[in-house]
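To start, the structure under review is shown below, and the notes come after it.
The values are calculated or read from the model by the stated rules, or taken from the named source; none is laboratory data. Note that the structure is a prediction, hence the values are computed from the model and not measured. Don't worry about glycine lacking a Cβ; one is built from the backbone with ideal geometry, like all the others, and counts go over all protein chains shown.
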Amino acid sequence: MEFTINAKKLLEKAGWFEGRNISKEELKLPYDDYPQFVIDFLREYGNLSGECEKQGYTPVINEFDLEPAMPQNKLMGDNDYPVYSEMLGRKLFPLGGYYPDGYYICCDADGRVYKMGEYCFHVGTNLYVGVENIILLNTLSSLQLDEDSGKWWNMDAEYSELPAL
């Protein structure tokens, strides 16, 4: 799997290049049990920061980072990671952030990508689709978690199942 040309251009502006392979130590992963395919993805795309695709309808410049390093206190207590991990019934692995909205980018052990903060969104069924949807601001296929019911609803405000892997 790989990114589209538009996503690759934004990643290149952020410092990515073909064959990039940073060390696992440079990633400063907050957990020791990241799935190997996530580590492999982050060794190529981790520790990048850049601008998302510009949108003509707003002057806001959205930015992303793929820096998984996270203070341990953010992974405990009433913070987003433990709260949403419990709601979803799966461990979430930090991948980076989305700004200025202040959302975390993370994935589960199956590679599903989430954007979480004030709300929790499922943004892709694998690392490439999810990260690309974030940096290209493709939100129409996102699903938002209804925190009261534990169900997902789509942009038409209808309950929906998570897409199959």
(request) Could you look through the range 39-74, keep only residues that are assigned to a helix (DSSP H, G or I) and modelled with pLDDT under 95, and pick out the one that is surrounded by the most Cβ atoms within 10 Å (Cβ to Cβ)? (result) K74
(request) Check S85, S49 and return the single one that is out of contact with any Gly (no Cβ under 9 Å at 6 or more places or on another chain) and of a type in the set (G, A, S). (result) S85
(request) Considering each residue of the range 75-85, count those that are under 21 Å from G111 (Cα atoms) and either exposed (fewer than 10 other Cβ atoms within 10 Å of the Cβ) or in contact (Cβ under 8 Å) with a residue 12 or more places away in the chain (or both), and give that number. (result) 4
(request) Output yes when any residue across the range 2-11 is touching a strand residue (DSSP E or B) at 6+ places or on another chain (Cβ under 6 Å) and farther than 27 Å from L165 by Cβ, and no when none is. (result) no
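Kindly indicate which of G15, G97 is at pLDDT 95 or above and in a strand (DSSP E or B).
When all the criteria are applied, what remains is G97.
The rows are residues; the columns are (1) of a type outside the set (F, W, Y); (2) more than 25 Å from E2 (Cβ to Cβ); (3) in contact with a helix residue (DSSP H, G or I) (Cβ under 7 Å, 6 or more places away or on another chain).
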{"site": "G56", "(1), (2), (3)": "yes, yes, no"}
{"site": "P59", "(1), (2), (3)": "yes, yes, no"}
{"site": "N79", "(1), (2), (3)": "yes, yes, no"}
{"site": "K91", "(1), (2), (3)": "yes, yes, yes"}
{"site": "I135", "(1), (2), (3)": "yes, no, yes"}
(request) Take the range 18-38 and flag every residue that is over 19 Å from I134 (Cβ atoms), touching a residue at least 12 places away in the same chain (Cβ under 8 Å) and not in a loop (DSSP other than H, G, I, E, B). (result) K24, E26
(request) Quick one: which residue in Y57, Y99 is aromatic (F, W, Y) and in contact (Cβ under 8 Å) with a residue 24 or more places away in the chain? (result) Y99
(request) Check Y31, Y57, Y84 and return the single one that is touching a strand residue (DSSP E or B) at 6+ places or on another chain (Cβ under 7 Å) and farther than 18 Å from V123 by Cα. (result) Y31
(message) Take the conditions over 21 Å from W152 (Cα atoms) and touching a helix residue (DSSP H, G or I) at 6+ places or on another chain (Cβ under 8 Å) and apply them to M116. Does it pass?
(response) no
(message) out of contact with any Pro (no Cβ under 7 Å at 6 or more places or on another chain), at pLDDT 95 or above, among the β-branched types (V, I, T) and surrounded by fewer than 22 Cβ atoms within 10 Å (Cβ to Cβ): which single residue out of V113, V129, V123 fits that description?
(response) V129
